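Working notes, structure below.
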Amino acid sequence: MGMMVALPALAQERWRDWERERGREFREQPVRIEKRRMEWMLAKMDAQLSELAGRARGPDRRAFALLRDELTDVREILNNATPLGPPSLPQPGGPPQQYPQGPPQQYPQGPPQQYPPYQQPPPVVVQPPPPAQPAVNPMPDRDFRQLLGAMQRESFANDKLRILEQAAPINWFVVQQVQQVLGAFEFPADRLKAVRAMRGRILDTNNVYQLYGAFEFPRDKDELKRILGQ
């Protein structure tokens with residue numbers, strides 16, 4: 001609550017001290033304060049002064065008594081201050097506050113707002129994580145030696161290819177193993193057939209360029225390039 005306070009309006013017995021300190025030409029300057037907050041602060045100061053005065057002795061007790069008198073003057077100023085601003089809210093138990101009322105304000109109304117019908121959002125489908133892929137390793141050395149031994153025991157290239165075509169789809173190879181398989185064939189045409197049987201099972205595809213050394217003629221190298229998809 002804002003209050004207009006005239007600071008020089010002290011109690012009558014202290015008015016002459018005020019005039020001597022400020023001078024007779026001193027002009028009052030109103031200020032705005034919050035009454036309830038000031039009342040709370042004054043009550044807190046009064047309680048502290050009362051406690052200190054109760055423990056004081058001799059001249060100190062008199063000094064605390066004078067301070068409490070000064071505090072009483074300030075409280076009197078606060079009680080007699082004139083309110084500023086709009087009327088305050090009515091106190092509990094008091095008469096209702098009257099406010100001037102004008103004609104009700106009229107506002108133009110537009111057409112009613114149309115909203116689309118509410119649609120239930122689709123359910124969130126949580127996809128399960130993909131199954132873990134098994135580790136891919138080249139054909140173990142022991143099994144690979146057994147494969148080469150079975151191929152070398154055959155006399156004809158078609159029989160060697162038949163064994164290779166049975167083992168290739170269920171195993172993985174590296175380029176070094178592919179080179180050893182190509183060494184089991186005498187003719188370039190049979191070597192190309194072997195590459196065709198193993199091309200989708202080579203792990204280190206960045207090393208397939210080493211297979212070109214197993215072929216002598218350019219036409220065979222071109223066919224190898226086509227088989228490997230390069």
Item to check | helices (runs of 4 or more DSSP H) wholly inside the stretch 153-207 that include at least 1 residues being of a type in the set (G, A, S) and either in contact with a helix residue (DSSP H, G or I) (Cβ under 8 Å, 6 or more places away or on another chain) or without any contact (Cβ under 8 Å) to a residue 24 or more places away in the chain (or both) | outcome: 157-167, 188-198
Checklist outcome for this item: F144 meets each of (1) open to solvent by less than 100 Å² (accessible area, probe 1.4 Å); (2) closer than 21 Å to V208 by Cα; (3) outside any helix (DSSP H, G or I) with one exception, condition (3)
Checklist outcome for this item: When restricted to Y99, Y115, the only residue under 43 Å from the mean Cα position of the chain (by Cα), at pLDDT below 70 and exposed (fewer than 10 other Cβ atoms within 10 Å of the Cβ) is Y115
Item to check | Failed item in (1) modelled with pLDDT of 85 or more; (2) open to solvent by less than 100 Å² (accessible area, probe 1.4 Å), with G110 passing the rest | outcome: (1)
Checklist outcome for this item: Taking the stretch 51-72 and keeping only residues that are closer than 30 Å to T82 by Cα and under 55 Å from the mean Cα position of the chain (by Cα), one is left with L71
Next on the checklist: For the structure I just gave you, tell me whether I163 is of a type in the set (V, I, T), farther than 17 Å from Q230 by Cβ and surrounded by fewer than 12 Cβ atoms within 10 Å (Cβ to Cβ).
Outcome noted: no
Checklist entry - Under the condition of being closer than 25 Å to N137 by Cβ and in contact with a Lys or Arg (Cβ under 9 Å, 6 or more places away or on another chain), which residue from the stretch 184-204 is most open to solvent (accessible area, probe 1.4 Å)? => result A184
Checklist entry - From the set of residues in the stretch 214-228 that are out of contact with any helix residue (DSSP H, G or I) (no Cβ under 6 Å at 6 or more places or on another chain) and in contact (Cβ under 8 Å) with a residue 24 or more places away in the chain, which is most open to solvent (accessible area, probe 1.4 Å)? => result E216
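The values are calculated or read from the model by the stated rules, or taken from the named source; none is laboratory data. Note that the structure is predicted; figures quoted are calculated from it, not measured. No Cβ is skipped: glycine too gets one built from the backbone with ideal geometry, and neighbour counts run over all protein chains shown. Accessible surface is based on the protein model in full, side chains and every heavy atom, while ligands, DNA and RNA are left aside. Shrake-Rupley method; radii C 1.70, N 1.55, O 1.52, S 1.80 Å.
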